[in-house]
Amino acid sequence: MGVPSLFMNGSKMSIKHKEVGSFTWDDLTTGTPTDVWFKVDVAYTIAEEWLDVPEGIASLSGLQGYGNVYHLHQTMVRDASGDLQDLVEAFIAETDINDRSFFHSLLWKSDFLSD
């Protein structure tokens with residue numbers, strides 16, 4: 001197996017070599033394998049998988065997702081437990097703004113505050 005040439009160019013800010021090792025070819029020359037990470041701004045990624053949203057979820061309030069986080073409706077569809085939809089419905093039904101203390105629970109469940 002020959003590799004006559006391989007070149008990667010980028011600023012030090014956009015490419016990081018996370019794990020670097022070494023290996024020996026059959027002809028006893030050495031090479032350097034490296035795990036290359038490219039800088040990515042996931043805020044501008046677009047979800048590729050969109051599920052049908054039932055009317056019961058579509059009629060609820062929604063929050064726009066960004067990057068790797070789905071729109072709240074899409075997240076509710078993916079939550080097999082139904083807990084997220086229950087939290088959203090409880091949030092909507094609560095009339096006293098001071099009693100909406102479970103808002104962070106809703107966000108954590110929906111994955112809006114994860115990585």
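Throughout, read-outs are computed from the coordinates displayed, never taken from laboratory work. The model shown is predicted, which means the values in this text are computed figures rather than measured ones. All Cβ positions, glycine included, derive from the backbone under ideal geometry; neighbour counts span all protein chains shown.
Could the peptides 62-68, 94-100 be put in order, highest first, of the mean number of other beta-carbon atoms found within 10 Å of their residues? Write down the numbers at each step before the final one.
Details: 62-68: 14.0, 94-100: 9.3.
The packing order, highest mean first, is 62-68, 94-100.
Please name whichever of Val20, Met76, Ser59 sits farthest to the positive end of the charge dipole of segment 1-91, dipole taken about the Cα centre and charges placed at Cβ: Lys and Arg +1, Asp and Glu -1.
Of Val20, Met76, Ser59, it is Val20.
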